[in-house]
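S.K.: Quick one: the structure is below, questions incoming.
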Amino acid sequence: MSEPVAFWVDHDYDRERAGDGVSRYGEHVRNNAAEFADCYGDIAPVAFACTAWRIATSPVLSPGYVRWHRRILSARCVRNQWDGTLSARIELVSPRPATLTWSPDWQGDREWRDWPQTFGQFLEPSEQDLVKTSYLRAMLLIQTPIPLDGLPEAPAEPQDALEDTARRTVVLLARKLNEAVMPIVRQLERW
């Protein structure tokens with residue numbers, strides 16, 4: 001059995017569910033090619049990478065082209081407004097902070113519950129649950145730079161291998177995010 005990862009691309013599912021028999025993600029890239037309009041010919045692959053990732057994780061592709069570990073709530077790639085570099089913003093399910101586990105004094109007359117789970121998946125509490133129960137759901141926010149090395153250049157024109165370049169970009173981003181996030185996920189899984 002292979003070691004778990006934080007992010008992965010499910011190529012088989014993508015191909016099996018593709019209307020064109022090649023790639024469901026590729027179809028979605030073609031249908032949303034206008035979202036790449038500002039990326040063509042850019043000397044830095046940042047805007048292209050952010051757009052390719054956003055499309056790969058879109059709720060329209062449910063499940064997304066990129067899948068993630070059950071602890072990951074969201075994962076976005078963004079352009080750093082200070083210098084234009086690539087960054088990731090990832091939210092993770094976390095245990096309560098240690099200061100709240102040492103003593104029950106802070107709870108008052110309430111029973112506070114952690115993240116609801118079904119079959120190991122962390123869920124938002126339902127509106128019905130929120131009427132009768134208090135929840136304290138801890139999250140971590142990871143913000144980390146993503147090195148640009150190895151990312152493909154943005155295509156010069158829309159017809160220049162848009163789908164292939166988007167696919168290669170997303171696969172590399174998943175690999176880079178795994179390097180940054182998986183040690184944290186591994187530690188949280190010991191909770």
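S.K.: Report, ordered by the first and then the second residue, all pairs with beta carbons closer than 6 Å, sequence separation of six or more or different chains, a first member in the range 1-21 that is farther than 25 Å from Ile90 by Cα and of a type in the set (A, V, I, L, M), and a second member that is surrounded by 13 or more Cβ atoms within 10 Å (Cβ to Cβ) and at pLDDT 90 or above.
M.R.: Short answer, once both residue conditions are applied: Ala18/Arg24.
S.K.: OK, next. If a residue has to be closer than 14 Å to Phe48 by Cα and of a type in the set (A, V, I, L, M, F, W, C) to count, how many in the range 135-191 make the cut?
M.R.: Of the residues in the range 135-191, 12 are closer than 14 Å to Phe48 by Cα and of a type in the set (A, V, I, L, M, F, W, C).
S.K.: Given the conditions (1) touching a Leu at 6+ places or on another chain (Cβ under 8 Å); (2) buried (at least 19 other Cβ atoms within 10 Å of the Cβ), report the number of the one that His69 does not fulfil.
M.R.: Single failed check for His69: (1).
S.K.: Here are Ala18, Ala52, Ala33: which of them is small (Gly, Ala, Ser) and touching a Lys or Arg at 6+ places or on another chain (Cβ under 6 Å)?
M.R.: So the residue among Ala18, Ala52, Ala33 that is small (Gly, Ala, Ser) and touching a Lys or Arg at 6+ places or on another chain (Cβ under 6 Å) is Ala18.
S.K.: Quick check on my filter: what residues within the range 100-126 are among the β-branched types (Val, Ile, Thr) and either in contact with a Gly (Cβ under 9 Å, 6 or more places away or on another chain) or modelled with pLDDT of 75 or more (or both)?
M.R.: Answer for the range 100-126, where residues must be among the β-branched types (Val, Ile, Thr) and either in contact with a Gly (Cβ under 9 Å, 6 or more places away or on another chain) or modelled with pLDDT of 75 or more (or both): just Thr118.
S.K.: Please find, within the range 127-141, the residue that is surrounded by the most Cβ atoms within 10 Å (Cβ to Cβ) out of those that are at pLDDT 90 or above and either within 21 Å of Ile184 (Cα to Cα) or not charged (D, E, K, R) (or both).
M.R.: Filtering the range 127-141 for residues that are at pLDDT 90 or above and either within 21 Å of Ile184 (Cα to Cα) or not charged (D, E, K, R) (or both), the one surrounded by the most Cβ atoms within 10 Å (Cβ to Cβ) comes out as Arg137.
S.K.: Name the residue, out of Gln128, Gln143, Gln81, Gln159, that is farther than 22 Å from Val9 by Cβ, free of Cβ contacts under 8 Å to residues at least 12 places away in the same chain and under 25 Å from the mean Cα position of the chain (by Cα).
M.R.: Gln81
S.K.: I've got another one for you. Which ones in the range 34-47 are more than 21 Å from the chain's Cα centre (by Cα) and over 20 Å from Asp149 (Cβ atoms)?
M.R.: Ala34, Ala37, Asp38, Tyr40, Gly41
S.K.: Can you pull out every residue in the range 162-191 that is touching a Lys or Arg at 6+ places or on another chain (Cβ under 9 Å), part of a loop (DSSP other than H, G, I, E, B) and of a type outside the set (D, E, K, R)?
M.R.: Of everything in the range 162-191, nothing turns out to be touching a Lys or Arg at 6+ places or on another chain (Cβ under 9 Å), part of a loop (DSSP other than H, G, I, E, B) and of a type outside the set (D, E, K, R).
S.K.: Still on this model: For the range 25-48, enumerate the residues that are buried (at least 19 other Cβ atoms within 10 Å of the Cβ) and either basic (Lys, Arg) or not in a helix (DSSP H, G or I) (or both).
M.R.: Cys39, Pro45
S.K.: Do the conditions hold for Ser58, that is, is it under 16 Å from the mean Cα position of the chain (by Cα) and among the hydroxyl-bearing types (Ser, Thr, Tyr)?
M.R.: Yes; evaluated as a whole, the condition is true for this residue.
The values are calculated or read from the model by the stated rules, or taken from the named source; none is laboratory data. Please read all numbers here as calculations on a predicted model, not as lab measurements. So basically every Cβ, Gly included, is an ideal-geometry build from the backbone, and we count neighbours across all protein chains shown.
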